[in-house]
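Quick notes on the structure that follows.
Just so it is clear, none of the values below were taken in a lab; they were calculated from the coordinates. The model shown is predicted, which means the values in this text are computed figures rather than measured ones. In this analysis, Cβ positions are derived from the backbone assuming ideal geometry, glycine residues included, and neighbour counts consider all displayed protein chains.
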Amino acid sequence: MKKEVFDPWEVSGDIDYGKLVKKFGVSHLRELPEVFEKNVLFRRKVVFAHRDIQRILEAKKKGKKFVMMTGLMPTGKFHIGHMLVAQQMIFWQKLGAKVYIAVADIEAHNTRNQSLKESREIAIEQYIKNYIALGLNLKNCEIYFQSDRSRDGKKAGVYYRLQNLLARHVTFNEFKGVYGDVTPGKMLSALLQASDMLHSQLPELEGPCPVVVPVGIDQDPHLRLARDLSQRIKESKFVQISSTYNVFMPGLKGGKMSSSDGSSFIAMTDSAKEVESKVKKYAFSGGRETLDEHRKKGGNPDVDVSYQYLKMFFEDDDKKLKKIYDDYKSGKMLTSELKEILIEKLNAFLKNHQKKLKEITKKDIEKFLDN
Ligand code: TRP
């Protein structure tokens with residue numbers, strides 16, 4: 001049997017979201033104001049759970065300042081799975097959040113043995129470029145590297161100072177309890193990530209205010225640690241952090257989409273031909289063995305990867321999506337037809353996206369990295 005791992009650095013095996021919600025003590029996302037319902041990721045429960053989201057809703061309602069903070073681990077090619085968090089960043093920014101984004105280059109160094117130089121290159125060429133093409137506005141945004149917080153010595157100082165001061169408020173046993181296997185590199189990464197999530201509230205930056213952290217649910221241990229630490233530290237006052245959790249983007253063949261397996265993802269730079277051949281060859285199908293059986297018994301859209309992609313990103317019209325669901329389930333629609341719909345939608349999206357990508361240069365990005 002394959003070993004199942006589920007921690008912020010590795011996820012393998014089947015994922016039972018209901019179980020994770022219970023185990024971690026997060027809450028299912030239920031009724032949300034209309035602006036959220038307009039966003040497919042919230043409406044279709046791709047973002048399915050939270051901690052303390054009411055604090056953010058309250059701030060939004062009262063027109064008070066709030067922050068959206070998240071981070072990226074710069075490894076491999078940017079693929080459609082990365083769009084999940086990217087689109088949430090953009091959603092929050094449009095809603096009025098001040099945006100903070102950490103490039104986790106120290107974490108990539110300490111837990112994946114990747115050089116800072118390589119992380120910088122990948123972060124700019126793959127991640128930030130795509131964020132901009134998807135609609136992120138770098139003007140109202142602090143993007144920084146964990147290894148190089150800011151040219152402004154004061155700002156940089158308080159970020160690293162907080163990481164160090166937090167160390168006083170956690171024990172080794174607690175680390176083991178939260179993370180299982182611990183190494184010095186993981187400990188430092190966890191404390192730095194806590195500082196990522198908390199430091200915007202320091203008086204030198206925004207001051208105490210609500211912060212929402214959108215992440216995949218594997219990151220919740222970091223949130224639990226940061227939330228606990230924030231209430232123990234005496235040197236500063238923090239409003240408790242809020243967070244939202246999205247499901248993982250399924251890989252083409254099922255399982256998790258992974259940058260290290262080219263046949264599990266569609267990259268933003270894949271050509272129309274590549275998309276067609278990957279979807280046809282790899283996309284896990286909920287169809288039946290034979291045409292006859294499919295027509296008679298129908299397919300299973302809930303496990304069909306092409307259907308999942310349409311649901312998560314590429315078909316916003318609820319009525320059209322429902323028709324696809326019903327037709328596939330009844331056997332009226334075949335797997336080959338479902339795949340054709342996805343291929344067409346995906347390629348139309350990528351064509352437009354790739355045009356935007358071409359117009360963004362490294363220089364455009366560098367000038368915003370001087371926070
Ligand atoms: N650990 C995150 C990842 O592996 C990256 C990250 C760093 C992060 N700092 C963060 C995520 C702060 C959320 C908030 O993807």
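Straightening the chain between Val182 and Asp364 buys 61.6 nm, computed as 0.36 nm per residue apart minus the Cα-Cα spacing. The Phe172 and Ser27 beta-carbon pair, evaluated with R₀ = 35 Å, returns a calculated FRET efficiency of approximately 0.70. Structure remark: mean-square fluctuation, Gaussian network model of the chain, C-alpha springs under 10 Å; the largest value among Ser119, Ser200, Ser271 belongs to Ser271.
Taking trypsin sites (Lys or Arg not before Pro) across region 133-164, the ones in a DSSP loop with at most 11 further Cβ atoms lying within 10 angstrom of their Cβ are Arg151. About its Cα centre, the dipole of region 180-329 is roughly 360 debye, where the only charges are +1 on Lys and Arg Cβ and -1 on Asp and Glu Cβ.
Under the combined filter of DSSP loop state and at most 16 neighbouring Cβ atoms within 10 Å, region 275-354 retains these GluC sites (Glu not before Pro): Glu289. Computed from the C-beta positions of Ala272 and Glu337, the FRET efficiency with R₀ = 25 Å rounds to 0.85. Straightening the chain between Asp317 and Arg151 buys 55.2 nm, computed as 0.36 nm per residue apart minus the Cα-Cα spacing.
Helix-only arithmetic for the chain: the sum of -39500 (n - 2.57) across DSSP H runs with n ≥ 4, divided by the residue total, places the mean residue ellipticity at 222 nm at -13500 deg cm²/dmol. Classification of region 1-142 by its C-alpha gyration tensor yields an oblate form. The axis ratio a/c (a ≥ b ≥ c) is 1.5 or more, and b/c is at least a/b. Between Glu121 and Asp16, what FRET efficiency comes out of the Förster formula 1/(1 + (r/R0)^6) with R0 = 30 Å and r the beta carbon distance, rounded to 0.05? After rounding, the FRET efficiency stands at 0.20.
For the chain, the relative contact order is 19 percent, taking Cα pairs closer than 8 Å that sit 6 or more residues apart in sequence and dividing their mean separation by the residue count. For region 160-246, just say rounded, prolate or oblate: build the C-alpha gyration tensor, square-root its eigenvalues into a ≥ b ≥ c, call rounded for a/c under 1.5, and beyond that prolate if a/b exceeds b/c, oblate if not. Oblate. Placing +1 on the Cβ of every Lys and Arg and -1 on the Cβ of every Asp and Glu, with nothing else charged, gives region 59-134 a dipole about its Cα centre of roughly 680 debye.
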